[in-house]
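Visitor: Right, I'll just put the structure down here and ask away after.
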Amino acid sequence: MAGKPGRPGASKGKKGPTKGTGGKNKRSLEGRGPTPKAEDRAWHPAGKRKAAQERFTAAGGRTAPGPKPLNAGNRAPRGKAADDTETVTGRNSVLEALRAKIPATAFYIAQRVEMDDRVKEMLALATHRGIPVLEVTRPELDRMAGFDGVHQGVALKVPPYEYAHPQDLLEDVMGRGETPLFVALDGITDPRNLGAIIRSTAAFGGHAVILPQRRSASVNSAAWKTSAGAAARIPVALASNLTSMLKEFKKQGVFVLGLDGGGDVSLPAIELAARPVVIVVGSEGKGLSRLVTETCDQVVSIPISASTESLNAGIAASVALYQVSTLRAARE
């Protein structure tokens, strides 16, 4: 039929391939090769990290990837490093660790953190000691601090805690002409209880805390945090056998005072102001072990209301330390 060019249903105005362009689309797909890896693309975040790492390595840094210095737009690694360092969090704990010159490997500070006097002092101490200062986001600090950690915008990477030997600590205190006041823990497995006891030991004039090598909490990040920095000032010793160590202390004139709810003497009745003392604290549930109880010179109880079954181990240690320190202060 005239006036109806083309087949029915054909699109109007659509042209076929132009003469002389054959092979154009084919050539456009050739010559580029395989897609480069993400780290080989300069604009890609992985490529930027690779370039930064190459510059860092060329400048004599570590070969393992890590955060870049403050104000360099850096972010902390998302995964936990495969090492045995501890992360100290909280402004008091971090400041005390820096003041005590703990050999820290990195100081982390949150972006847009509130700059109070403590934070300013931390920055000054870290800079003076040459500790890398790394700016990170708050979510990254949350991951470093752990599930229930409160970092207050700062964290410090420190090496594993170096425990002292109980005998060395005893000789050191006596060598200074002081009357030893130690706290030994029997079956305390919660590091927060350990941190609280370290803090109380510092507050009431104690000299050291002693832990058994087995079945005991260790000085980890949770203990550091709960101690509010006291772990940087109060030494913690490790005894291979707590009972044997207590017996050795007794031979050197140290009075071994056990705390137990079933003690036959009330704590206020004990006069220990002039004697070296080691206060032994048992777990809240089981109390003192049998061998430790038999080794104690005296097992005492803390008088509490009948409506309260027992005291937390950290609180019991604080009460006993306060009592002994008060008696000593009254005699001076």
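Visitor: Any residue at all in segment 308-318 that's among the polar types (S, T, N, Q), within 30 Å of residue 98 (Cα to Cα) and modelled with pLDDT of 85 or more?
Guide: Yes, there is a match, as at least one residue in segment 308-318 is among the polar types (S, T, N, Q), within 30 Å of residue 98 (Cα to Cα) and modelled with pLDDT of 85 or more.
Visitor: Are any of the residues in segment 286-303 in contact with a Lys or Arg (Cβ under 9 Å, 6 or more places away or on another chain) and within 11 Å of residue 257 (Cα to Cα)?
Guide: Looking through segment 286-303, at least one residue is in contact with a Lys or Arg (Cβ under 9 Å, 6 or more places away or on another chain) and within 11 Å of residue 257 (Cα to Cα).
Visitor: Any chance segment 144-157 includes a residue that's part of a helix (DSSP H, G or I), under 12 Å from the mean Cα position of the chain (by Cα) and not assigned by TED's automatic domain parsing to the domain that holds residue 323?
Guide: yes
Visitor: Taking only segment 171-194 into account, find how many residues are farther than 14 Å from residue 277 by Cα and loosely packed, with under 15 Cβ neighbours inside 10 Å.
Guide: Residues that pass the stated criteria total 4.
Visitor: So which of 171, 114, 162 ends up being without any contact (Cβ under 8 Å) to a residue 40 or more places away in the chain, assigned to a loop (DSSP other than H, G, I, E, B) and closer than 24 Å to residue 237 by Cβ?
Guide: Selected residue: 162, the only one of 171, 114, 162 that is without any contact (Cβ under 8 Å) to a residue 40 or more places away in the chain, assigned to a loop (DSSP other than H, G, I, E, B) and closer than 24 Å to residue 237 by Cβ.
Visitor: Same structure again: Pick from segment 210-239 the residues that are among the small types (Gly, Ala, Ser) and in contact with a strand residue (DSSP E or B) (Cβ under 8 Å, 6 or more places away or on another chain): which of them is nearest to residue 151 (Cα to Cα)?
Guide: Within segment 210-239, the first condition is being among the small types (Gly, Ala, Ser), and the residues that meet it are 216-218, 221-223, 227-232, 237, 239.
Subsequent filtering for residues that are in contact with a strand residue (DSSP E or B) (Cβ under 8 Å, 6 or more places away or on another chain) retains 216-218, 221, 237, 239.
Values: 216: 25, 217: 21, 218: 20, 221: 11, 237: 27, 239: 31 Å.
Here the residue is 221.
Visitor: Can I ask one more? Looking at segment 273-282, which of the residues that are surrounded by fewer than 18 Cβ atoms within 10 Å (Cβ to Cβ) and either under 17 Å from residue 239 (Cβ atoms) or of a type in the set (A, V, I, L, M, F, W, C) (or both) is modelled with the highest pLDDT?
Guide: By that ranking, first place goes to 274.
The values are calculated or read from the model by the stated rules, or taken from the named source; none is laboratory data. Keep in mind the model is a prediction, meaning the values are calculated, not measured. Note that we place each Cβ from the backbone using ideal geometry, even for glycine, and neighbour counts take in every protein chain shown.
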